[in-house]
Amino acid sequence: MARARIREQRREEILAAFEACVIRHGLAECTLIDVADEVGLPRSLVRYFVGNRDEMVELMIARMLERKEAGLLAFRQSELGHSIEDVVDFLFDEIFGNPTSNDIAVELWYLAQRDERVRLQLTELYSKLVGVLVEELSTADGVVARKKDVEAVAFSLMSLGYGESDFGYLGVMAGTRKRIRSNAYALAATLTTGVER
């Protein structure tokens, strides 16, 4: 049992070091030697605990999903009401509120243009996140919209959240975060009107 715990601790340390290296050097320039230096372990132990660079990328994507799922669990167990505003806040604060995850996502999107495996993993990750939004919006207080409308709004909200974090990364449109969130609330509110589109 202790050995499994140590193995898991080492994997977490190595993945944290990998994320730090990706943010500092970019994913394309990040090597196993960089990760080994960052975590203070020989390269052979980095490979032993997490495998090669491609396997580290897969683990990093899985780690991002685990973070999002932990945030979702906390959201579902919170004392908050379950309004559409709560769902929008969850999107902006939990799904796109972690600067480290946002920086890594930028790097992964760039890699996905050249690596089909990474593209498929990101497709799965973001499809799951849209599915979570659909589920949460469908059960939010006052929502009367049809499923296809909820799906369209969920995808649009995801696009707003991703775009806001991506433009924030670039420094474009600084100071508009509050306005974007306000627009997201208004978009989500269309699900409570019962008007068919």
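A short reminder: the numbers here are calculations on the coordinates, not readings from a lab. Source: prediction; values computed, not measured. All Cβ positions, glycine included, derive from the backbone under ideal geometry; neighbour counts span all protein chains shown.
Grab the other residues whose beta carbon is less than 11 angstrom from that of residue 21, score K and R as +1, D and E as -1, and report the net. Kindly include the intermediate steps, with their values, before the conclusion.
Details: positive: 24, 53; negative: 19, 29, 34, 37, 38, 107.
Taking every other residue near residue 21 into account, the sum is -4.
Hey, got the dipole for the range 12-135? About the Cα centre, +1 on K and R Cβ, -1 on D and E Cβ, debye to the nearest 20? Mind dumping the intermediate values first?
Working: 12 positive and 24 negative charges, 85 e Å.
Roughly 400 debye, rounded to the nearest 20.
Can you list the lysines whose alpha carbon is less than 17 Å from that of residue 68, not counting same-chain residues fewer than 8 positions off?
Answer for residue 68, where 17 Å is the Cα cut-off: 128, listed by chain and number.
Can you sort 90, 167 by how many other beta carbons sit within 10 Å, fewest first? If you can, show how the numbers build up before the last one.
Numbers: 90 23, 167 15.
In increasing order of surrounding Cβ atoms, one gets 167, 90.
Less than 18 Å apart at the alpha-carbon level, and either on another chain or at least 8 residues along: which aspartates and glutamates does that give for residue 148?
135, 136, 196
Counting only other residues whose beta carbon sits under 10 Å from that of residue 141, what net charge do I get with K and R as +1, D and E as -1? Provide the component values of the computation, followed by the final result.
On the way: positive: none; negative: 85, 86.
Taking every other residue near residue 141 into account, the sum is -2.
Between the range 9-45 and the range 111-169, how many Å separate their Cα centres?
Spelled out, the Cα-based centre of one part sits 29 Å from the other.
When 191, 59 are ordered from fewest to most other Cβ atoms inside 10 Å of their Cβ, what list results?
Details: 191 23, 59 17.
Taking fewest neighbouring Cβ atoms as first place, the list is 59, 191.
Span-like helices, the chain: DSSP H, alpha-carbon axial extent 20 Å or more, mean Kyte-Doolittle 0.0 or greater, which ones?
Details: long enough: 2-25 (34 Å, -0.50); 53-77 (36 Å, -0.22); 116-138 (32 Å, 0.23); 147-170 (34 Å, 0.12).
Counting only whole DSSP H runs, the qualifying helices are 116-138, 147-170.
Neighbour counts of other C-beta atoms within 10 Å: give me 128, 68, 178 arranged from fewest to most.
The order, fewest Cβ neighbours first, is 178, 128, 68.
Go ahead and set up a Gaussian network model of the chain, Cα springs under 10 Å, then flag whichever of 159, 182, 78 fluctuates most.
Maximum among the listed residues: 78.
Taking every pair of alpha-carbon atoms in the range 1-51, what share in percent sits in each 10 Å bin, from 0 to the bin with the longest distance?
Over the range 1-51, the share of Cα pairs per 10 Å bin runs 29, 53, 15, 3 percent.
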